[in-house]
């Protein structure tokens, strides 16, 4: 009987670790080896499986630092199945949903509430969550301009009462000949005035520019003052597709986004501006460590810059951007640091996706470097030779380092639809998901669970602590 209970706990621990790992890396978008539909089907299956078997821990995953895509999925599924919540957990679950929803980017949060209408989820808790979220918005009028369709759907679905000119703007717009609210009036004028669109948020103005047939280069030059950093990054980062120079203050970008921006530029531009880019990356790494401290000793990194790190059209160069950002973060956090690339670049800032995936060679070099900690950042698809690194790790763990004096961790930025999880390099080392380099302090802490040496009770305690941190910051 004891063995059966022990095995059941082990299975539960493995299920939860697999799910949380998937939620760190999967975003439902196309990857180099997997299409978007396969990603969505696989992650949806995992959500339903964990929700059905471990509801409390499923809800607490909201506090574990998983990415926004999966937070939204968890909230949606919890609201859709509220009747299945145990009475003693109802208050905590509701508080987790509210706290996580408030931390989501507004476009994703309002999109989630719009889905409630599409899926016909309109129970008492869903209405209360929507009402509470609406009450916390500091500038609901501005958001109504940017996310008008989403907000209109959420409000009409839950029958919430609004004040001021907001209900007229959302539901009686075409009947109004004037608004006292400046933004609402600019939106009304933009229906027929080309000048008025440049006072609107970029995403709204973009649609009006198409309606008025304004030339793209003219529109982008005039609208820049209304663009957010993320919007500027999207256009300037895709510099190869645009002749318009967007005035982006890239020095203030967070670490991974800055790395992706630099990788989007031609090698010649990177070389010419190397000093500034290198300084900006180092500053971004230090700022990351201020928010999430991480102190390491002697570290060696095995970094995958093979062709598969080019990502996909939806996530262009994303894996390589994570690798570059992780390089700078580990360097800043370590007493001593050495990097070993699959294809050694002239300089990390001049790296580009190239060649087959040979992880065995840089891994051997890392193991011989005297490092206390080895971090491998790769999608795990090694093919030159296949399973080369896996064999190196097997021999090293079973013959040379049986006491595990050297800590080896595989960080994988890519979700695999085939395995409903991350591709692992070897069962002898833990593999954790890594959506952004900024998540590395959290992921290195989570690695002990992925290694399999921890128990279900330890994982439950970890999630309970993260829940308290979210609810009582």
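For residues that are farther than 21 Å from residue 311 by Cα and touching a strand residue (DSSP E or B) at 6+ places or on another chain (Cβ under 8 Å), scanning just the range 338-360, find the one that is surrounded by the fewest Cβ atoms within 10 Å (Cβ to Cβ).
Per the stated criteria, the residue is 338.
Test residue 434 against the stated conditions and say whether it is over 20 Å from residue 70 (Cα atoms), in contact (Cβ under 8 Å) with a residue 40 or more places away in the chain and surrounded by 17 or more Cβ atoms within 10 Å (Cβ to Cβ).
no
Criterion first (closer than 30 Å to residue 277 by Cβ, assigned by TED's automatic domain parsing to the domain that holds residue 320, in a helix (DSSP H, G or I) and in contact with a strand residue (DSSP E or B) (Cβ under 8 Å, 6 or more places away or on another chain)) does residue 371 satisfy it?
No, not satisfied.
Among the residues of the range 13-41, which ones are farther than 16 Å from residue 315 by Cβ and either at pLDDT below 85 or assigned by TED's automatic domain parsing to the domain that holds residue 413 (or both)?
41
Scanning the range 368-404 for residues that are free of Cβ contacts under 8 Å to residues at least 12 places away in the same chain and over 30 Å from the mean Cα position of the chain (by Cα), which turns out nearest to residue 337 (Cα to Cα)?
368
Would you list the helices (runs of 4 or more DSSP H) that sit entirely within the range 102-197 and hold 2 or more residues that are touching a helix residue (DSSP H, G or I) at 6+ places or on another chain (Cβ under 6 Å) and under 30 Å from residue 222 (Cα atoms)?
106-118, 140-146, 148-158, 166-171, 182-189
Looking at this structure, is residue 64 surrounded by 19 or more Cβ atoms within 10 Å (Cβ to Cβ) and closer than 28 Å to residue 201 by Cβ?
Taking the combined requirement at face value, the residue does not satisfy it.
For the list (1) in the same structural domain as residue 379 (by TED's automatic domain parsing); (2) touching a helix residue (DSSP H, G or I) at 6+ places or on another chain (Cβ under 7 Å); (3) crowded, with 18+ Cβ neighbours inside 10 Å, I need the number of the one condition that residue 250 fails.
The one condition residue 250 does not meet is (1).
Quick one: would you say residue 104 is within 21 Å of residue 471 (Cα to Cα), touching a residue at least 40 places away in the same chain (Cβ under 8 Å), surrounded by 13 or more Cβ atoms within 10 Å (Cβ to Cβ) and within 27 Å of the chain's Cα centre (by Cα)?
No.
Quick one: residue 462 ticks every box in (1) over 23 Å from residue 55 (Cα atoms); (2) in a helix (DSSP H, G or I) except a single one, so which number is it?
Answer for residue 462: the failing condition is (1).
For the range 212-229, how many residues meet the condition of being in a helix (DSSP H, G or I) and surrounded by 13 or more Cβ atoms within 10 Å (Cβ to Cβ)?
Filtering the range 212-229 down to residues in a helix (DSSP H, G or I) leaves 216-226, 229.
With surrounded by 13 or more Cβ atoms within 10 Å (Cβ to Cβ) added as a condition, the list becomes 216, 219-224, 226, 229.
The qualifying residues number 9.
In the list 454, 426, which residue meets the criterion of being at pLDDT 90 or above and not in a helix (DSSP H, G or I)?
Step by step, each of 454, 426 is checked, and only 426 is at pLDDT 90 or above and not in a helix (DSSP H, G or I).
State whether one or more residues within the range 340-358 are free of Cβ contacts under 8 Å to residues at least 12 places away in the same chain and outside any loop (DSSP other than H, G, I, E, B).
no
The values are calculated or read from the model by the stated rules, or taken from the named source; none is laboratory data. Keep in mind it's a predicted model, so treat the numbers as computed, not measured. Here Cβ is always computed from backbone atoms with ideal geometry, including for glycine, and neighbour counts include all displayed protein chains.
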